[in-house]
1. Taking the condition of being free of Cβ contacts under 8 Å to residues at least 12 places away in the same chain and either polar (S, T, N, Q) or buried (at least 20 other Cβ atoms within 10 Å of the Cβ) (or both), how many residues in the stretch 253-302 meet it?
2. When you go through Lys241, Lys250 one by one, which is the residue that is under 20 Å from Thr49 (Cα atoms), surrounded by fewer than 16 Cβ atoms within 10 Å (Cβ to Cβ) and either at pLDDT below 80 or among the charged types (D, E, K, R) (or both)?
3. Can you pull out the residues in the stretch 224-242 that are small (Gly, Ala, Ser) and either touching a residue at least 60 places away in the same chain (Cβ under 8 Å) or not in a helix (DSSP H, G or I) (or both)?
4. Surrounded by 18 or more Cβ atoms within 10 Å (Cβ to Cβ) and at positive phi: is that true of Gly179 in this structure?
5. Among the listed residues Leu283, Leu301, identify the single one that is part of a helix (DSSP H, G or I), modelled with pLDDT under 90 and more than 15 Å from Ser53 (Cβ to Cβ).
6. Can you tell me which residue among Gln245, Gln268 is more than 29 Å from Ile28 (Cα to Cα), in contact with a Cys (Cβ under 8 Å, 6 or more places away or on another chain) and in a helix (DSSP H, G or I)?
7. Could you please find all residues in the stretch 159-173 being among the small types (Gly, Ala, Ser), surrounded by fewer than 18 Cβ atoms within 10 Å (Cβ to Cβ) and part of a helix (DSSP H, G or I)?
Amino acid sequence: MLLDGIENTKIFEYLDTNNLSPVVKSFIAGSFSGTVSAVLFQPLDLLKTRIQSGQTNTLYGTSHCNLTSLNLISKILQNENLFALWKGITPSVARCVPGVGIYFSSLHWLKNYIEIDTEPTAAQAILLGMGARSISAVCLIPMTVVKTRIESGQFSYSSMSAALVQIHKREGLRGLTCGLLPTLFRDAPFSGLYLMFYTQLKKCVSEDLKNSDYVSLTNFTCGTLAGLSASVVTQPADVLKTKMQLYPKKFDTVFHVAVYVHKKHGLQGYFKGLGPRLMRRTLMAAMAWTIYEKLIISLGLK
């Protein structure tokens, strides 16, 4: 099993013998966990993006704008192929791998900076999660824009680098950073709430379970429950972020896109794509944290 073999991976045993700083070790562990989770759950992110784009009828020649996730999968397989479900995987990995690495290393640095040696309190967890995710989101926003556009199926770029060059040429720096504000409104609260729920749930777990062979399952369960709670709260910001990145000329402010969504779809419009996002963010975060917890033991950080 993947999780069972992580602690004994020779690469990480070698890294542990080097004089790497704890921040670098956190970055390596986070990047590895981000790679695994990003590749596994990319199809769910693609479904979420296409549902939120509101252009599924144009893409697949159907009058049903509000396709369910299962119907959308069927349309993608019929009109494209199985691998189309992983469209956008390159920018997704390019964003998630350093993004998760930056998040975990920032988290480790922030914990040391404010001198938290034990499990953080609920308030500390929220601030730590929000701070670490904000740093990551700002650094990787150009990759987020490219990923969203490729996943939507409405843009054709020959490569990720070509996409970055083309967006910058046509839209300037604003194009590469469009949707940053709703991205921060989504990611910072999500990570803050997630870390708070995750750490508080782990405190409720008995010591026997924490030290048993089921520790990975325990961490994954806590991560899943934390992800479900945080995903629902931050869903509206995700909808606004997607709209702004797909239609930068149409929506120039968060307020503008928020009014548009409410006027056209009502309150339910803010929760479009909740199903696949709920599954992806929850499972991805749970797996990333489970793998990360395993790796930091191998790297001597815990």
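1. The initial filter retains those residues of the stretch 253-302 that are free of Cβ contacts under 8 Å to residues at least 12 places away in the same chain, namely 253, 255-256, 259, 262-268, 302.
When the remaining residues are screened for being either polar (S, T, N, Q) or buried (at least 20 other Cβ atoms within 10 Å of the Cβ) (or both), the result is 253, 268.
Residues flagged as free of Cβ contacts under 8 Å to residues at least 12 places away in the same chain and either polar (S, T, N, Q) or buried (at least 20 other Cβ atoms within 10 Å of the Cβ) (or both) within the stretch 253-302 amount to 2.
2. Working: Lys241 fails: surrounded by fewer than 16 Cβ atoms within 10 Å (Cβ to Cβ).
That would be Lys250, the only listed residue that is under 20 Å from Thr49 (Cα atoms), surrounded by fewer than 16 Cβ atoms within 10 Å (Cβ to Cβ) and either at pLDDT below 80 or among the charged types (D, E, K, R) (or both).
3. Kept after step one, since they are small (Gly, Ala, Ser), are these residues of the stretch 224-242: 226-227, 229-231, 237.
Passing the criteria: only Ala226.
4. Working: surrounded by 18 or more Cβ atoms within 10 Å (Cβ to Cβ): yes; at positive phi: yes.
It is true that Gly179 is surrounded by 18 or more Cβ atoms within 10 Å (Cβ to Cβ) and at positive phi.
5. Numbers: Leu301 fails: part of a helix (DSSP H, G or I).
Answer to the selection: Leu283.
6. Numbers: Gln268 fails: in contact with a Cys (Cβ under 8 Å, 6 or more places away or on another chain).
Step by step, each of Gln245, Gln268 is checked, and only Gln245 is more than 29 Å from Ile28 (Cα to Cα), in contact with a Cys (Cβ under 8 Å, 6 or more places away or on another chain) and in a helix (DSSP H, G or I).
7. Ser161, Ala162, Gly172
Here's the yes/no breakdown for (1) out of contact with any Leu (no Cβ under 9 Å at 6 or more places or on another chain); (2) closer than 30 Å to Asp252 by Cβ; (3) part of a helix (DSSP H, G or I); (4) modelled with pLDDT of 90 or more:
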| position | (1), (2), (3), (4) |
| --- | --- |
| Gly175 | yes, yes, yes, yes |
| Gly192 | no, yes, yes, yes |
| Leu195 | no, no, yes, no |
| Thr218 | no, no, yes, no |
| Cys222 | no, no, yes, no |
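The values are calculated or read from the model by the stated rules, or taken from the named source; none is laboratory data. This structure is a prediction, so every number in the text was calculated from the model and none was measured. As a convention, Cβ positions derive from the backbone with ideal geometry for all residues, glycine included, and neighbour counts pool all protein chains shown.
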